[in-house]
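Let me begin by presenting the structure, written as structure tokens, before commenting on it.
The values are calculated or read from the model by the stated rules, or taken from the named source; none is laboratory data. The shown structure was predicted, so the numbers you read here are calculated from the model rather than taken from an experiment. Cβ placement follows ideal geometry from the backbone for every residue including glycine, while neighbour counts extend to all protein chains displayed. With ligands, DNA and RNA removed, areas are computed over all heavy atoms of the protein, side chains included. Shrake-Rupley method; radii C 1.70, N 1.55, O 1.52, S 1.80 Å.
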Amino acid sequence: MAFELPKLNYSTDALAELGMSQETFEYHYGKHHNAYIVALNGLVEKNPALQGKSLEELIKLSHNNAELTPVFNNAGQTLNHNQFWESLSPKGGKIPGKLEAKITSDFGSVDTFKEQFKQAGVTQFGSGWAWLILGTDGKLKVTKTANAITPVATGEGKVLLVYDVWEHAYYIDFRNRRPDYISNFLDKIANYEYAEANLLSA
Ligand code: MN3
């Protein structure tokens, strides 16, 4: 069973008034994400040892394995984008009560959390991702990874929310202004309901 581009929970123009244009979606979802999935399916088809495995299994077995670097990169990017689309919402930006209580408990305040989450993406040199995870110690943490790396590979914790800081994520709408793209994400389109649901199911 080949991997497929996931269905979005909103239309590709749903975030256009909120700082993420339909053109960005057409390239980012329709071309970049799709290309990772097509590449991954090609790699799996050629290698019987990879067949029948989930994305998480492929990521774990290919992590730090030089021969399987292309598998790691394409499986990681497939999963990371799946989680990124879920991390966006046309009704985003509002932090629901249970998540807010946990954020306040673990970061001190919502403002401190947002500043740390923003700085993770601002300071990620080159391409990568910024994450809100539930750490293995039961506390919320902000982290960042380069290229295709995911907390699924590093075992740091469960992914609650993620945003993409590859240039293709923001260059059409924000040009070189990565910090503005991140603030827009945090305040207008971040799907904190998704993050709370992930927290409650942990
Ligand atoms: Mn991307």
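With the requirement that a residue be more than 24 Å from residue 70 (Cα to Cα) and either assigned by TED's automatic domain parsing to the domain that holds residue 59 or acidic (Asp, Glu) (or both), what does segment 118-174 give you? Passing the criteria: 137, 173. Put simply, of 144, 139, 158, 114 the only residue that is at pLDDT 95 or above, of a type in the set (D, E, K, R) and over 30 Å from residue 60 (Cβ atoms) is 114. Residue-level analysis places residue 82 among those that are in the same structural domain as residue 61 (by TED's automatic domain parsing) and open to solvent by 10 Å² or more (accessible area, probe 1.4 Å). Could you list, in sequence order, all residues of segment 165-202 that are aromatic (Phe, Trp, Tyr) and in a loop (DSSP other than H, G, I, E, B)? Within segment 165-202, 166 is the sole residue that qualifies. Number of residues in segment 151-199 that are in contact with a Pro (Cβ under 8 Å, 6 or more places away or on another chain) and more than 20 Å from residue 112 (Cβ to Cβ): the value is 4. Looking across segment 144-162, the residues that are assigned to a strand (DSSP E or B) and either open to solvent by 40 Å² or more (accessible area, probe 1.4 Å) or touching an Asp or Glu at 6+ places or on another chain (Cβ under 6 Å) (or both) come down to 144, 158. Scanning segment 171-202 for residues that are without any contact (Cβ under 8 Å) to a residue 40 or more places away in the chain and within 17 Å of residue 125 (Cβ to Cβ), we see that the one that is nearest to the ligand (Cβ to nearest atom) is 171. Please determine whether any residue of segment 101-112 is touching a helix residue (DSSP H, G or I) at 6+ places or on another chain (Cβ under 6 Å) and assigned to a strand (DSSP E or B). Looking through segment 101-112, none of the residues is touching a helix residue (DSSP H, G or I) at 6+ places or on another chain (Cβ under 6 Å) and assigned to a strand (DSSP E or B). Filtering 43, 61 for residues that are away from the ligand (no atom under 15 Å from the Cβ) and surrounded by 17 or more Cβ atoms within 10 Å (Cβ to Cβ) leaves a single hit, 43.
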